[in-house]
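Report on one structure; see the data block that follows.
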Amino acid sequence: MSLTLKERQEFLAQPHVAALSVAGGPDRGPLSVPIWYQYEPGGEPWVMTGADSRKLRLIQESGRFTLLVQRTEPTTRYVAVEGPVAKIIPLTEELHVEMVRRYLTGDAVDHYLKQAEGFGDQVVVYLRPEHWLSADLGGV
């Protein structure tokens, strides 16, 4: 069964690891990679990526991308959201900490942030939700 707008927004707001997919260019399938993301219901999902990454280059070339999140327990449920890039901005310390705290806790946050100092320049890419696909395949 498809999810309501409220159900899919609430599901997307949970800290799942997403699969990001973007057109891979001529003679290539889509680039699909696991990625952390941030989202609040009614807002624009956003991801972080390297300023020199292939992922960012492909997102800029196509102007759009897809995020897919799923779970298998207690039922199989997924939400995919696709749309154009809303904006790309440099990663700030505040946004970086917000993202890391979404997925990690305690000392792991500081440890990750320390390691991330060597990642190079990062950007934040916002997606404007345009198309949704969702289902709960086990709801009775």
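At a glance:
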| item | result |
| --- | --- |
| Tally, over the stretch 6-24, of residues that are outside any helix (DSSP H, G or I) and not small (Gly, Ala, Ser) | 6 |
| All strands (runs of 3 or more DSSP E) inside the stretch 45-106 with 1 or more residues being in contact (Cβ under 8 Å) with a residue 40 or more places away in the chain, of a type in the set (S, T, N, Q) and open to solvent by 30 Å² or more (accessible area, probe 1.4 Å) | 64-71 |
| Set SER21, SER2, SER32: member being under 15 Å from the mean Cα position of the chain (by Cα), touching a residue at least 40 places away in the same chain (Cβ under 8 Å) and open to solvent by 30 Å² or more (accessible area, probe 1.4 Å) | SER21 |
| Criterion: modelled with pLDDT under 95 and among the small types (Gly, Ala, Ser) - qualifying residue of GLY42, GLY29, GLY83, GLY25 | GLY25 |
| For TYR112: the one exception among (1) without any contact (Cβ under 8 Å) to a residue 40 or more places away in the chain; (2) aromatic (Phe, Trp, Tyr); (3) in a loop (DSSP other than H, G, I, E, B) | (3) |
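The values are calculated or read from the model by the stated rules, or taken from the named source; none is laboratory data. All of these numbers come straight from a predicted model, not from anything done at the bench. Quick reminder, even Gly has a Cβ in these numbers, built from the backbone with ideal geometry, and neighbours come from all protein chains shown. What goes into the accessible areas is simple: the full protein's heavy atoms, side chains included, and nothing from ligands, DNA or RNA. Shrake-Rupley method; radii C 1.70, N 1.55, O 1.52, S 1.80 Å.
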